[in-house]
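Peer 1: Could you have a look at this structure, given as structure tokens, before my questions?
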């Protein structure tokens, strides 16, 4: 199993504090040492940092820690391999293009007997169930809305349906972003916190590090942080109910729906 | 205009020495300061480091300099913007997937009146002529060889033809790799050197740094380095004739053809 970290904001924000607590779970305070990755949207562009080293020790993670990249949508993942060997091509987040936009995806869980029909457009490069699920998701969106991205609400409804279909095959926690919004699906375990004025001091759960957000923010800033496990021990994290897709935009959860499918 | 750097090897090799000479042309010894990028294939996976900072000053370039990533195919690019503003989405190399493989592309030049029909599968995210050319190239390959990658020779012949078509629109120097081979097209300016036993000491043209390759290689190693301008001043670089596509595999040029099209 793996762990997920996401951030969605109304203004470009750096994720250094949350990433500090998260990365040490990759080999130090927890066992997710089979590679890691983090992806930042910056405008229409995005950059993805990947490493097969444990994030606690990775020189690339040192860079991400010390080089504050400001982004409105971030997705990070630390891996404990289930399907697919430890290799760069199996390291999340995965990236593809759809409707002239980049899409990023990271998954925590394990899908069994998941063998969707091979799509004409999206094919996995590695050997994970996760990349297969991402390709199926994009292929389905692309088939349903050819040519142009639909309005956010229609997009959300379509992803609810697809997440439900894939979720029948096992544990399917994922974070997905197109740079505009962040879609967070809880299959079994995911929680979030929204930081906004009045800002307080947050303290990491994994190490004795605090930050006073009132000193580093403006009153209008708003940041949602989504994680497999709460990253701080003095903030009120909201548990997302299993079988729920949430839509985060401008630092707020703006929609939520059950992905459970009647069988 | 921009500058290109590529490497194709028979065993995974780090590019630190060549990159050292190359990166300082991005804002220090030359004017290409509008962002830069470098992409490494590692097996089927690849990782792309991008930055809108000048490469001479970029913290990401410091990481690439100090963290030797071993790869058989590398493509790097330093940008002086012609078309498309300075932004992450306009920073080369660009990455897409075709036939279950990643493809990487970087371009030096300027294409005029280039408006290919919009493809169904590949669409640019940014606003450069370069990304448009890459999308057209992949779309054409995908249409011609649906489903499965053709043998290397057929692939080369197809790319010769496509490079010729695009090259009619202006200066079109590019490096392209699918992780197996590296395709290098000289539209106006490109050269290469092959390093193999007996290895000698190479000295950078842009700064007073030398490396004795006999100390850091095995006798069977073979590395081709391709660049806009020779990176060393004591090796014999071969100038590629304008209007030529070369195919590098396992550190050697194995094919070459004219892309000039009769009009």
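Since every read-out is calculated from the coordinates, none of them should be taken as a lab result. No experiment lies behind these values; they were computed from the predicted model shown. For neighbour counting, all protein chains shown are included, and Cβ atoms are generated from backbone atoms with ideal geometry for every residue, glycine included.
Peer 1: Which three semi-axes in whole Å describe the equivalent ellipsoid of the stretch A:138-224, each the square root of 5 times a Cα gyration tensor eigenvalue, listed largest first?
Peer 2: Working: eigenvalues 225, 69, 16 Å².
Calculated on Cα positions only, the semi-axes equal 34, 19, 9 Å.
Peer 1: To the nearest 10 degrees, how steep is helix A:152-167 against the longest Cα principal axis of chain A, on a 0 to 90 scale?
Peer 2: Between the helix axis and the principal axis of chain A, the angle is about 70 degrees.
Peer 1: Right, here's the next one. At q = 0.19, 0.26 Å⁻¹, work out log10 I(q)/I(0) for the stretch B:56-137 with the Debye formula, treating every Cα as an identical point scatterer and leaving solvent out; two decimals please.
Peer 2: -0.95, -1.39
Peer 1: Going 7 Å from Cα along the Cα-Cβ axis for the label, what nanometre distances separate residue B:256 from the same residue across the other copies?
Peer 2: In nanometres, ordered from closest: 6.6.
Peer 1: Expected output is a single nm value to one decimal: the length gained when fully extending between residue A:235 and residue A:11, i.e. 0.36 nm times separation in residues minus the C-alpha distance. What is it?
Peer 2: 78.5 nm
Peer 1: For the residues B:34, B:143, what sequence is obtained by ranking on other C-beta atoms within 10 Å, fewest first?
Peer 2: Values: B:34 22, B:143 11.
The most exposed by this proxy come first: B:143, B:34.
Peer 1: Three principal axis extents, largest first, for the C-alpha atoms of the stretch B:178-226, in Å?
Peer 2: Reported extents, whole Å, longest axis first: 34, 28, 16.
Peer 1: I'd like the FRET efficiency for residue B:144 and residue B:113, computed as 1/(1 + (r/R0)^6) with the beta carbon distance as r and R0 of 30 Å, rounded to 0.05. Write out the running numbers ahead of the final one.
Peer 2: Values: r = 24 Å, r/R0 = 0.79.
Using R0 = 30 Å, I get an efficiency of 0.80.
Peer 1: Using the number of other C-beta atoms within 10 angstrom as an exposure proxy, rank B:221, A:233 with the fewest first.
Peer 2: On the way: B:221 17, A:233 12.
Fewest-to-most Cβ neighbours within 10 Å comes out as A:233, B:221.
Peer 1: Using alpha carbon coordinates only, what is the Rg to Rh ratio of the protein assembly as shown, with Rh defined as the Kirkwood radius?
Peer 2: Values: Rg = 23.1 Å, Rh = 23.7 Å.
That ratio is 0.97, to two decimals.
Peer 1: Could you check which residue among A:62, A:206, A:180 shows the biggest mean-square fluctuation in a GNM of chain A with a 10 Å Cα cutoff?
Peer 2: Its mean-square fluctuation being the largest, the pick is A:62.
Peer 1: What percent of all Cα-Cα pairs in the stretch B:29-73 falls in each 5 Å bin, counting up from 0?
Peer 2: Result returned by the calculation: 5, 21, 29, 21, 16, 7, 2.
Peer 1: Looking at the axis that maps chain B onto chain A, which chain B residue has the closest Cβ, and how far off is it in Å, rounded to a whole number?
Peer 2: Here the value is B:63, 2.
Peer 1: Let me confirm one metric for peptide A:112-122, namely the mean number of other chain beta-carbon atoms within 10 Å of its residues' beta-carbons.
Peer 2: Across A:112-122, the average partner-chain Cβ count within 10 Å equals 1.
Peer 1: Once you wrap a convex hull around the alpha carbon atoms of the stretch B:1-101, what is its projected area averaged over all directions, in nm²? Each step should come with its number before you reach the end.
Peer 2: Values: hull surface 25.3 nm².
Dividing the Cα hull surface by four gives the mean projection, 6.3 nm².
Peer 1: Continuing with the same structure: How much space per residue, in cubic angstrom, does the convex hull of the C-alpha atoms of the stretch A:86-238 take up?
Peer 2: Values: hull volume 22.3 nm³, N = 153.
Given the Cα convex hull of the stretch A:86-238, per-residue volume reads 146 Å³.
Peer 1: If you average the alpha carbon positions of the stretch A:158-227 and of the stretch B:19-46, how far apart do those two centres end up, in angstrom?
Peer 2: First find each Cα centre; the distance between them is then 33 Å.
Peer 1: Give, in nm to one decimal, the length gained when the segment between residue A:158 and residue A:62 is fully stretched (0.36 nm per residue of separation minus the Cα-Cα distance). Walk me through the intermediate numbers first.
Peer 2: Values: separation 96, 0.36 × 96 = 34.56 nm, distance 3.78 nm.
Separation in residues times 0.36 nm, less the Cα-Cα distance, equals 30.8 nm.
Peer 1: While we're on this one: Across the residues of A:127-134, average count of Cβ atoms on other protein chains within 10 Å?
Peer 2: On the way: counts 1, 0, 0, 0, 0, 0, 0, 0.
Mean shielding count: 0.
Peer 1: Could I ask something else about it? With the Cα gyration tensor of the stretch A:3-258 in hand, give its eigenvalues times 5 under a square root as the equivalent ellipsoid semi-axes, listed largest first in whole angstrom. Show your work: numbers first, answer last.
Peer 2: Details: eigenvalues 146, 89, 55 Å².
Here the semi-axes work out to 27, 21, 17 Å.
Peer 1: Here's a follow-up. With everything on Cα atoms, drop me the angle between helix B:129-144 and the longest principal axis of chain B, reported from 0 to 90° to the nearest 10.
Peer 2: Approximately 60 degrees, to the nearest ten.
Peer 1: Taking the label point as lying 7 angstrom from Cα along the Cα-to-Cβ axis, what are the distances from residue B:146 to the corresponding position in the remaining copies, in ascending order and in nanometres?
Peer 2: 1.3
Peer 1: Quick one: label points 7 angstrom along Cα→Cβ at residue B:236, distances to the other copies in nm, smallest first?
Peer 2: Nearest to farthest, the other copies are at 7.7 nm.
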